[in-house]
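> Shown below is the structure under consideration.
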Amino acid sequence: MRYIGLRYIGRVLPPNDDWSTRHSVQATARRTVALVNVLSGDRPGPDTVAEVLRAHGESVPLPLSEEDVDQLRAAALLLREVFAAPDTDGAARAVNGLLRRTAGAVRLTSHHGATPWHPHLDSDDEAPWGEWFLASSCLALTVLLWDRQRPPGGLCASPSCTDVLLTQGGGPPRRYCSRRCATRERVAAHRRSRG
């Protein structure tokens, strides 16, 4: 147990249990961004999508079909609307529209005792991949918008990039999806100013 004060909080979970960090709102939002980006590009195969899901805490093995990938891709395209929203009100309208269209009632699940209890908005534990992805992403984006009262994400500011990103965190909102995009745009701006 660490000192409990304004900066330090005692560990609640055992040191080897990373469930709460793998399934936190932030982790779910990061998974959403990764999936939207991979599914919005060239048509990824099931193995590519499964690799992204495993990298974000999903169980192995992960049998995905082409139909599963198509459903995930359709959900990703809908979720891009939240990231493309110009402001907080637009992001809230986009999330609300997706919730009305797709979400079931909030329910708690432990996946038959395999995980701690946590909320889901999909129809059941065996819901199709696309339904699960859209519902879990909407839940995470809803909480982020609610908590910070600003859009949870945006589109990369680099004109040569189509990726989405989370804008929330410490400091000012992010504008670029990666350091690579930010550096490329700084170098281009520097060259234009010297030109």
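Bear in mind these aren't lab numbers, they're just calculated from the coordinates by the rules spelled out. Computed from a predicted structure; not experimentally measured. Cβ: placed from backbone, ideal geometry, glycine included. Neighbour counts: every protein chain shown.
> Given charges of +1 on the Cβ of Lys and Arg and -1 on the Cβ of Asp and Glu, with all other atoms neutral, how large is the dipole of the range 34-172 about its Cα centre, in debye to the nearest 20? If you can, show how the numbers build up before the last one.
On the way: 10 positive and 18 negative charges, 119 e Å.
The calculated dipole for the range 34-172 is roughly 580 debye.
> Convert each backbone phi in the range 145-156 into a coupling constant with the Karplus relation 6.51 cos²θ - 1.76 cosθ + 1.60 (shift: θ = phi - 60°), then list the ³J(HN,Hα) values in order as whole Hz, x for Gly and Pro.
Whole-Hz 3J(HN,Hα) from phi for the range 145-156: 5, 4, 5, 9, 6, 8, x, x, x, x, 9, 4.
> Given the Cα-Cα distance of D87 and R107 and 0.36 nm per residue of separation, how much length would full extension add, in nm? Let's see the in-between values first.
Numbers: separation 20, 0.36 × 20 = 7.20 nm, distance 2.97 nm.
Here the segment from D87 to R107 would lengthen by 4.2 nm.
> How much length, in nm to one decimal, is gained on full extension between A34 and S193, taken as 0.36 nm per residue of separation minus their Cα-Cα distance?
Values: separation 159, 0.36 × 159 = 57.24 nm, distance 3.38 nm.
This chain segment gains 53.9 nm when fully extended.
> Could you point to the label whose value was computed as Cα Rg over 2.2 N^0.38 Å for the structure here, given [x] 1.12; [y] 1.06; [z] 0.94?
Entry [x].
> Next up: For the range 28-43 and the range 66-136, compute the distance between their C-alpha centroids and round to whole Å.
Going from one Cα centre to the other spans 13 Å.
> Further question: If you average 1/r across every pair of different Cα atoms in the range 123-195 and take the reciprocal, what Kirkwood value do you get, in Å? Mind showing how you got there, number by number?
On the way: mean 1/r = 0.0686 Å⁻¹.
Roughly 14.6 Å, rounded to one decimal.
> Which one, L77, W146, S24, is farthest towards the positive end of the dipole of the chain when Lys and Arg carry +1 and Asp and Glu -1 on their Cβ?
Going by the Cα projections, it comes out as W146.
> Could I ask something else about it? Can you work out the Karplus-derived ³J(HN,Hα) for every residue in the range 98-115? Use 6.51 cos²θ - 1.76 cosθ + 1.60 with θ = phi - 60°, whole Hz, and x for glycine or proline.
The phi angles translate into 5, 5, 4, 7, 10, 7, x, 6, 5, 9, 9, 9, 10, 6, 6, x, 7, 9 Hz.
> Take R186, project a point 7 Å from its Cα along the Cβ direction, then tell me which residues of the range 124-161 have their backbone nitrogen under 11 Å from it.
Under cut-off, by backbone N: nothing.
> Figure the gain on full extension for D147 and R179 (residue separation times 0.36 nm, minus the Cα-Cα span) and round it to one decimal in nm. Can you show the working numbers first?
Working: separation 32, 0.36 × 32 = 11.52 nm, distance 2.62 nm.
Extending this stretch completely gives an extra 8.9 nm.
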